[in-house]
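Laboratory data are not the source of any read-out in this text; all were calculated from the coordinates shown. Because the structure is a prediction, the values reported are computed rather than measured. With ideal geometry, Cβ positions are generated from the backbone for all residues, glycine too; neighbour counts draw on all protein chains shown.
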Amino acid sequence: LIKPVDKITALLELYPKGMAGFKRFLELMEQDPEIKDRPNALKVSHLNGDIEFDNVGFGYDNHRSVLDNINLSVKAGETVAFVGPSGAGKTTICSLIPRFYDVNTGAISIDGLNIQDIAMESLRAQIGIVQQDVFLFTGTIRENIAYGKKDAPEEEIQDAARKAHLESFIAALPEGYDTQIGERGLKLSGGQKQRLAIARMFLKNPPILILDEATSALDTETEKIIQHSLMELAENRTTLIIAHRLATIRDADRVIVVTEDGIAEDGSYNDLVEQDGIFARLHNIQFQEV
Ligand code: ATP
């Protein structure tokens with residue numbers, strides 16, 4: 001039997017960074033009586049991934065609202081990157097979709113269904129999250145890849161590793177997929193951990209993917225491989241990227257600029273550069289074209 005906490009963590013690559021923190025999230029899930037299924041909540045077995053925010057307002061506490069009147073529509077299969085100053089609310093917007101928190105006002109729907117009417121476990125089974133700090137547990141590489149799909153057949157695990165470009169690394173280890181990693185096992189590099197996280201998501205294959213981009217830089221070669229795998233992972237699913245570096249969002253269909261006042265700009269990368277607004281300024285600073 002999987003304990004409830006395991007079920008929750010299986011959704012995640014590692015939930016929140018920084019002040020929220022993984023522990024905090026678990027505490028929240030255990031203690032927050034607000035976030036639970038409504039009577040007769042609908043179990044969904046497949047979602048297409050059309051996401052709609054309708055006048056969404058949210059604050060972590062009563063004293064301060066973080067999001068006000070957010071209206072946003074993401075089409076199934078689209079890749080959308082959120083950019084903007086630190087603390088503007090990019091992560092918060094994405095945290096509302098798997099219902100880590102419930103909105104205070106307005107509604108979020110997926111495929112036209114209010115997410116509060118969907119049975120939470122089935123909602124979360126449709127969403128994958130790749131966090132910047134990859135969570136590894138003590139166990140084999142195989143078990144770590146199969147984290148979100150514990151009964152996955154061996155071929156699927158190997159296929160996911162191949163798609164995440166982990167195959168040659170694993171093949172070079174004397175014990176291959178049986179190699180122990182985590183606290184007491186082999187230490188993986190930042191790039192290898194990220195690839196493992198990507199393999200988990202290929203295996204889970206959710207229609208909705210949330211990528212919290214790593215802030216710490218990897219070497220250029222590793223970065224390129226990971227970027228490439230992420231773009232492959234994003235194909236054929238709705239992908240929301242919490243972006244910290246502009247170079248990685250060139251391939252996004254849309255860029256949404258979030259500021260403390262809400263959504264300030266929304267358009268394609270090139271259109272926003274031409275608009276000469278906030279995004280154009282960010283772009284010019286990062287690429288020193290001032
Ligand atoms: P960054 O680029 O630094 O990741 P962000 O745009 O993703 O920032 P959020 O993490 O969504 O911003 O934070 C929005 C606001 O909500 C900030 O003022 C932040 O301090 C606050 N906040 C975030 N998480 C929590 C939390 N768990 N409890 C209380 N306040 C929070």
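Taking 24 Å as the cut-off for C-alpha to C-alpha distance, list the pairs among Lys163/Lys187; Lys36/Lys163; Lys90/Lys149; Lys193/Lys224; Lys36/Lys75; Lys149/Lys224 that go past it.
Lys36/Lys163; Lys90/Lys149; Lys36/Lys75; Lys149/Lys224
The chain: longest stretch without exposed chymotrypsin sites (Phe, Trp or Tyr not before Pro) (DSSP loop, at most 14 other Cβ within 10 Å), sites themselves excluded?
138-290
Select from Gly190, Tyr269, Leu230 the residue farthest towards the positive end of the dipole of region 151-290; place +1 on Cβ of Lys and Arg, -1 on Cβ of Asp and Glu, and compute about the Cα centre.
Projecting each Cα onto the dipole axis, the largest value belongs to Gly190.
Let a ≥ b ≥ c be the square roots of the eigenvalues of the Cα gyration tensor of region 34-136; is it rounded (a/c under 1.5), or, if not, prolate (a/b larger than b/c) or oblate?
Since a/c stays below 1.5, the shape of region 34-136 is classed as rounded.
Report the antiparallel proportion of the DSSP beta bridges in region 174-266 as a percent, rounded to a multiple of 5.
Expressed as a percentage, antiparallel bridges in region 174-266 total about 40.
Taking 30 Å as R0, compute the FRET efficiency from the Cβ-Cβ separation of His244 and Ser73 and round it to 0.05.
The computed FRET efficiency comes out at 0.80.
Can you work out the Karplus-derived ³J(HN,Hα) for every residue in region 124-133? Use 6.51 cos²θ - 1.76 cosθ + 1.60 with θ = phi - 60°, whole Hz, and x for glycine or proline.
Each residue's phi maps through the Karplus curve to give 6, 5, 9, 10, x, 10, 10, 9, 6, 9 Hz.
Can you give me the long-range amide H partners of Ile242? Hydrogens built in the peptide plane at 1.01 Å from N, cutoff under 5 Å, separation of 5 or more residues or another chain.
So Ile242 has HN proximity to Phe82, Leu211, Asp212, Glu213.
Looking at region 143-187, which GluC sites (Glu not before Pro) are DSSP coil and have at most 13 other C-beta atoms within 10 Å of their C-beta?
Glu175, Glu183
Between Asp102 and Tyr60, what is the spin-label point distance in nm, taking each point 7 Å from the Cα along the Cα→C-beta axis?
With each label point 7 Å from Cα toward Cβ, the separation is 2.0 nm.
Please turn the phi angles of region 70-75 into ³J(HN,Hα) values with the Karplus equation 6.51 cos²θ - 1.76 cosθ + 1.60 (θ = phi - 60°), one per residue in order, whole Hz, x for glycine and proline.
Per-residue couplings from phi come out as 7, 10, 7, 9, 10, 7 Hz.
Distance from the Cα centre of region 163-193 to that of region 198-257, in angstrom?
21 Å
Name the residues whose placed amide hydrogens come within less than 5 Å of the amide hydrogen of Val66, ignoring near sequence neighbours (fewer than 5 apart) on the same chain.
Amide H to amide H, under 5 Å and 5 or more residues apart or across chains, Val66 pairs with Phe58, Gly59, Tyr60.
Say each of Asn114 and Ser45 gets a label point 7 Å from the Cα, pointing the same way as Cα to Cβ; how far apart are those two points in nm?
2.6 nm
Assign unit charges at the C-beta atoms only (+1 for Lys and Arg, -1 for Asp and Glu), then state the dipole size of region 123-237 relative to its Cα centre in Debye, rounded to the nearest 20.
Roughly 260 debye for region 123-237.
Using bins 10 angstrom wide from zero, how does P(r) for the chain break down, in % of all Cα pairs?
Values per bin, smallest distances first: 6, 28, 36, 22, 8, 1.
Taking 0.36 nm per residue of sequence separation and subtracting the Cα-Cα distance, how much length would be gained by fully extending the chain between Ile285 and Glu154, in nm to one decimal?
Answer, rounded to one decimal: 42.5 nm.
Percent relative contact order of the chain, based on C-alpha pairs within less than 8 angstrom and at least six residues apart?
So the answer I get is 23 percent.
If you take every DSSP beta bridge fully contained in the chain, what fraction is antiparallel? Give it as a percent rounded to 5.
Roughly 50 percent of the DSSP beta bridges within the chain come out antiparallel.
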